[in-house]
Amino acid sequence: MVHTDNDYATTGYDEVLGAAYLTYKRQGTSQEFRDANHRIVASLAKKPTHRLFVDVRNMGVVSPEDQKWVGNTIVEQLAKNAPGKYLYIALLVPEKVFTKLAVTTIEEISNGKGICLNRHFFSVSEAKHWLAQQTQRTA
């Protein structure tokens, strides 16, 4: 079920996986990146789940400031909306070095908070398989 969609990103809820999702379609501006992240927070508030699937294969480079912003601000907002206040995040990443560096930075920041487990994958099936195995934590 699609919640929001524009030429930069789509957010929604995957009924089969039981996960909210954010799919980036192209490289964008800092404002577009931040807007897409605010939209996924709203999607999780609309349909609470402990699973989030993010496809960053087409996202491109993200500034260090935006990486820190996601890791320090958005991940906390997402976890607050998740049942049990804990979130499992599966990121589908490309082989591109710069995108992998951004993903790794965000993973390190967000995993260090103790409110989520953030892992990246190169295959859709591996990412979805891992995410489907993650059960809800109780507070």
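Tallying residues that are at pLDDT below 90, basic (Lys, Arg) and on the phi > 0 side of the Ramachandran plot within the range 55-101 yields 0. I'm trying to understand the selection: among the residues of the range 43-68, which are under 13 Å from the mean Cα position of the chain (by Cα) and not polar (S, T, N, Q)? Across the range 43-68, the qualifying residues are 44, 50, 51, 52, 53, 54, 55, 56, 57, 59.
Looking only at the range 107-123, decide whether some residue is crowded, with 19+ Cβ neighbours inside 10 Å and in contact with a Cys (Cβ under 7 Å, 6 or more places away or on another chain). Yes, that holds for at least one residue. Scanning the range 44-63 for residues that are within 16 Å of residue 115 (Cβ to Cβ) and of a type in the set (Lys, Arg) returns a single hit, 51.
Restricting attention to the range 13-40, the residues being basic (Lys, Arg), surrounded by 16 or more Cβ atoms within 10 Å (Cβ to Cβ) and within 15 Å of residue 60 (Cα to Cα) number 2.
The values are calculated or read from the model by the stated rules, or taken from the named source; none is laboratory data. The structure presented is a predicted model; accordingly, all values stated were derived computationally and were not measured. Positions of Cβ are generated from backbone atoms using ideal geometry, with glycine treated the same way; all protein chains shown enter the neighbour counts.
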